[in-house]
1. Give me the residue from region 185-221 that is of a type in the set (Val, Ile, Thr) and under 14 Å from Glu159 (Cβ atoms) and, out of that set, modelled with the lowest pLDDT.
2. When only residues in region 262-305 that are surrounded by 13 or more Cβ atoms within 10 Å (Cβ to Cβ) and among the acidic types (Asp, Glu) count, which is modelled with the lowest pLDDT?
3. Cβ-Cβ distance below 8 Å, separation of 6 or more or different chains: which pairs start in region 61-76 with a residue that is over 24 Å from Tyr123 (Cα atoms) and assigned by TED's automatic domain parsing to the domain that holds Asp132 and end on one that is not in a helix (DSSP H, G or I) and not acidic (Asp, Glu)?
4. Identify the residue in region 16-33 that is part of a helix (DSSP H, G or I) and small (Gly, Ala, Ser) and, among all such residues, is modelled with the lowest pLDDT.
5. In region 130-147, is there at least one residue being hydrophobic (A, V, I, L, M, F, W, C), in the same structural domain as Ile228 (by TED's automatic domain parsing), surrounded by fewer than 18 Cβ atoms within 10 Å (Cβ to Cβ) and over 22 Å from Ser210 (Cβ atoms)?
6. Tell me, yes or no, whether region 235-242 has at least one residue that is without any contact (Cβ under 8 Å) to a residue 12 or more places away in the chain and assigned to a helix (DSSP H, G or I).
7. If Trp148 passes every condition in (1) of a type outside the set (S, T, N, Q); (2) touching a residue at least 24 places away in the same chain (Cβ under 8 Å); (3) not in a helix (DSSP H, G or I) but one, which one does it miss?
Amino acid sequence: MLFKNIADLQKYGQVYATLWNGTNNLIANEIDDAEHEYLTKVISPEFYNILVAAYIASPATPLPNYLADILPLCQRITAEIATSLYIKKKGLLNIGAHGATQPGNNETRASSQWAINATANEYLKSGNKVIDRLLAFMEADKITYAVWAASTAYTEFKELLIFNASELSNYIPAANNSRLVYKSLAPYLSIAEDTISDCLGTPLFAEIKSQHLTNTTSVNNQKLLTFIKPCIANIGYALGIKYMTVFLDMDGITTIDTTRMSGTIDAKVSAAAEQLQMLSNTSNNEANRLIAKLREYLIENAISYPLFVAPTANAGLNNLITDKVFRI
């Protein structure tokens, strides 16, 4: 665990004073879950073990600089996600003799569910923003973080051509730099990549993906990416937006509750079907426009792309792109 005592944990919020009192660590299980279900998957089990071993050995053996640089980020990620998990599980807002409470008129009362959910979600959002910061820091110096860069976690991190929330937001501002939104749309961005692969042909698209993973993208392929990435973003958004309010869990398929009492900060209403369709159509139309530009560019510069194979059919495009536009 990346916290030796309450002092380590309290760097990230006074709330922990009541959650870890001496040997009584009430949040220990959530810290363990946050480290193994979130942090380890981000930095890889191999690198996590290196970090934990060095942290436990410190300060007798000083942390190497490259680990000292990221330890605060890793601890903050763990602390904030663990807090979110604890709040959702235990109903934490204020902790005291009366359990989970919120301020009242000279008395305490049980926390409202909307307040619990809102607080837990803010901690989760904050923790995920720090994950993006950590990944950007390590990616900028991946030679130093070679164990991570050689891991499956790194391959999964760079799996998609649009590989973080910041880049997605460049093309879809509504993503709002949210890692949680990005992760929700990731399966649809993957489907969008299949669409682009059909457009370019497998050999050229495989080359682009390989260069992306190793940060060796050629000048010609970098130019191609200026067309490809906004196409992927818009196709993925057009596909995914219809399902962003739908959840599948042990209770079956549900949607965001539309019957919550108005006037609370948690009052959310699912977008109407026609609104979702309008947004999907807008992104679909933009994807059509961008693929038309991609088509023109490839025709004019075919000599620069010997691996390009023009598609002979539109199989697998799910009617996202019109036949007229997509024929190259």
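1. The selected residue is Thr214.
2. Only one residue fits best here, namely Asp266.
3. Tyr66/Thr144; Tyr66/Tyr145
4. Taking region 16-33 as the starting set, the residues that turn out to be part of a helix (DSSP H, G or I) are 16-18, 28-33.
From what is left, the residues that are small (Gly, Ala, Ser) are 17, 28.
Values: Ala17: 63, Ala28: 85.
Step by step, filter region 16-33, then rank; the result is Ala17.
5. Our first condition is that a residue be hydrophobic (A, V, I, L, M, F, W, C); within region 130-147, this holds for 130-131, 134-138, 140, 143, 146-147.
Narrowing the set further to residues that are in the same structural domain as Ile228 (by TED's automatic domain parsing) leaves none.
The answer is no, given that none of the residues of region 130-147 is hydrophobic (A, V, I, L, M, F, W, C), in the same structural domain as Ile228 (by TED's automatic domain parsing), surrounded by fewer than 18 Cβ atoms within 10 Å (Cβ to Cβ) and over 22 Å from Ser210 (Cβ atoms).
6. Filtering region 235-242 for residues without any contact (Cβ under 8 Å) to a residue 12 or more places away in the chain gives none.
No.
7. (3)
For every residue, the table says whether it meets (1) assigned to a loop (DSSP other than H, G, I, E, B); (2) at pLDDT 90 or above; (3) in contact with a helix residue (DSSP H, G or I) (Cβ under 6 Å, 6 or more places away or on another chain).
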{"position": "Lys223", "(1), (2), (3)": "no, yes, no"}
{"position": "Pro230", "(1), (2), (3)": "no, yes, yes"}
{"position": "Leu248", "(1), (2), (3)": "no, no, no"}
{"position": "Ile253", "(1), (2), (3)": "no, no, no"}
{"position": "Arg260", "(1), (2), (3)": "yes, no, no"}
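The values are calculated or read from the model by the stated rules, or taken from the named source; none is laboratory data. What you see is a predicted model, and the numbers here were worked out from it, not measured in a lab. Here the Cβ is made from the backbone with ideal geometry for all residues, glycine too, and neighbour counts use every protein chain on show.
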